[in-house]
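Here the structure is laid out as structure tokens; the discussion comes afterwards.
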Amino acid sequence: MTVPLVAIVGRPNVGKSTLFNRLMERRDAIVSDVPGTTRDRLLGDASWDGRRFTIVDTGGLEPSPQDPLIEKVKAQVEAAVSEADLIIFLLDVAHGLTPMDTEIANWLRRTQKPLVVAINKVDNEKREIAASEFYQLGLEDLLFISAYHNLGIYDLMDKVVSLLPAPDDEEDEAAEGVVRLAIIDRTNVGKSMLMNAILGQDRAIVSDIPGTTRDALDTHFTYDDQPAVLVDTAGIRRPGKVERGIEYYSVLRTVRAVQRCDIALLVMDGSELATAQDAHISGNAWDEYRGMIVVVNKWDLVPKEDGSEQELAIQAVRERLHFMPYAPICFTSALLGEGIDELMALATSIYQERLKHIPPGRLRYALLDALADQMPPSRKGRRLRIKEVSQVDVNPPTFVFAVNDPRLVHFSYERYLENRLRSTFGFTHTHLRLVFRERI
């Protein structure tokens, strides 16, 4: 299901990046006393009280900027707010209430988005008294915090979680067998044309100009009696090439599209295979445990000389996406409609894999066989003991291993167990989630 988005908004130098780092429990954003340090948005996954959400750190907002760069910062903040499910409006007690704060407050009020107002840098009684002037904004439930000193953060996050939208019920569609496909990757590799080829009709704009597609367009359709939803997303450029504002907004929507799909179609240009950006984008699908198909598009334009071109292409993709060796590769020409039937058949097959549930008895026997063939190695004089395994979910297939100490699980042995599950039960092309929990 779609993960809620929380945007941190405020004028420059009120501590937005410090709050972002505090909530992420790591130093991801650059923190500086110089106003305007944060210009591009940072995204991070977080959870609180069992609710998962994405946090966006934005640049300092100036409602009436004069500088062209600040104008672009304003555009990307507006894009974040447009997409956000909830906004944290951060203010600074050290500088007091400013006309800029009032202007931003009026704008946020007009968005009609759920709003949490936090007064930052309230770290002593004197500042707590001074913070009362912010009640002039006419906003309810002001929260006094200090992101740097970790004061009031628990109350802030409790308030945020209470206002997040209720989880959507996309599992109903999964139960009905509706496969969700998200078309992802860089700009101008033929994604919209691929969408048209799959649908058999012009439902998306096709253009040679990079960045034509701005929004994620959900299209319900049926392919060979398989109900499906196709999401066409805007292309993602390298970080240094991403423009602030509308294009960054497209990046954000692409990331969220991956979160709510079952299978991501990673589209590559046949003449420019497996770039570093391809690996970066596929990492989003890997992190979310989504299925993935590598679609090498425009294959008709690749010169064919000695017949080894496809084999070399597969090798290049495998080397770049080494962390997803299970992801199948499909060669297509969206323009000519070649390879589309094979692609959709593959997507249907992967979807069925993701819904597969293994009986407990078969899982126990498979675990015993795996342990008999290779016992877990010892670490620091202690040996991992696996007591049982159970499948607790599908889409993605999720297996919980009861162990004596999860810290003893080495990544190589986890990979061994995953490969055994794949070979034993036919999980050929989908990502598996393995969870190790302590049980005495």
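The values are calculated or read from the model by the stated rules, or taken from the named source; none is laboratory data. Everything numeric in this text was worked out from a predicted model, so none of it was measured. Please note: Cβ atoms are built from the backbone with ideal geometry, for glycine as well, and neighbour counts cover all protein chains shown.
Observations on the structure shown:
- Taken together, the residues in region 84-102 that are over 17 Å from Ser146 (Cα atoms) and buried (at least 18 other Cβ atoms within 10 Å of the Cβ) amount to 4.
- Every residue from region 369-405 that is part of a helix (DSSP H, G or I) and either surrounded by 14 or more Cβ atoms within 10 Å (Cβ to Cβ) or modelled with pLDDT under 90 (or both): Ala370, Leu371
Residues are listed down the side, and each one gets a yes or a no for (1) in contact with a Lys or Arg (Cβ under 9 Å, 6 or more places away or on another chain); (2) surrounded by fewer than 24 Cβ atoms within 10 Å (Cβ to Cβ); (3) outside any helix (DSSP H, G or I); (4) at pLDDT 80 or above:
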position: Ile55; (1), (2), (3), (4): no, yes, yes, yes
position: Gly60; (1), (2), (3), (4): yes, yes, yes, no
position: Pro63; (1), (2), (3), (4): yes, yes, yes, no
position: Gln66; (1), (2), (3), (4): no, yes, yes, no
position: Lys72; (1), (2), (3), (4): yes, yes, no, no
position: Gln76; (1), (2), (3), (4): yes, no, no, no
position: Val81; (1), (2), (3), (4): yes, yes, no, yes
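- Scanning region 79-109 for residues that are among the β-branched types (Val, Ile, Thr) and closer than 12 Å to Gly10 by Cα turns up Val81, Ile87, Ile88, Thr98, Thr102, Ile104.
- Considering Ile183, Ile104, the condition of being at pLDDT below 90 and within 30 Å of Ala285 (Cα to Cα) is satisfied by Ile183 alone.
- Test: residue in region 426-436 that is in a loop (DSSP other than H, G, I, E, B) and of a type in the set (Gly, Ala, Ser): yes
- Selection of region 100-158 for residues being farther than 23 Å from Ala84 by Cβ, acidic (Asp, Glu) and touching a Phe, Trp or Tyr at 6+ places or on another chain (Cβ under 8 Å) yields Asp123, Glu128.
- Scope region 346-369; condition touching a strand residue (DSSP E or B) at 6+ places or on another chain (Cβ under 9 Å) and aliphatic (A, V, I, L, M); matching residues: Leu346, Ala347, Ile350, Ile358, Leu363, Ala366, Leu367
- Annotation note: of Ala131, Ala118, the sole residue that is part of a strand (DSSP E or B), in the same structural domain as Met24 (by TED's automatic domain parsing) and either more than 20 Å from Ser47 (Cα to Cα) or modelled with pLDDT of 90 or more (or both) is Ala118.
- Put simply, of Leu273, Leu266 the only residue that is under 14 Å from Ala182 (Cβ atoms), of a type outside the set (S, T, N, Q) and buried (at least 18 other Cβ atoms within 10 Å of the Cβ) is Leu266.
- Condition check for Ser308: outside the structural domain of Ala80 (by TED's automatic domain parsing) and crowded, with 18+ Cβ neighbours inside 10 Å: no
- Among the residues making up region 406-428, those that are farther than 14 Å from Ile358 by Cα, among the hydroxyl-bearing types (Ser, Thr, Tyr) and surrounded by 14 or more Cβ atoms within 10 Å (Cβ to Cβ) are Tyr413, Tyr416.
Per-residue answers, yes or no, for (1) closer than 30 Å to Met344 by Cα; (2) touching a residue at least 12 places away in the same chain (Cβ under 8 Å); (3) not β-branched (Val, Ile, Thr):
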site	(1), (2), (3)
Gly381	no, no, yes
Ile386	no, yes, no
Val400	no, yes, no
Val403	no, yes, no
Arg415	yes, no, yes
Leu421	yes, yes, yes
Thr424	yes, yes, no
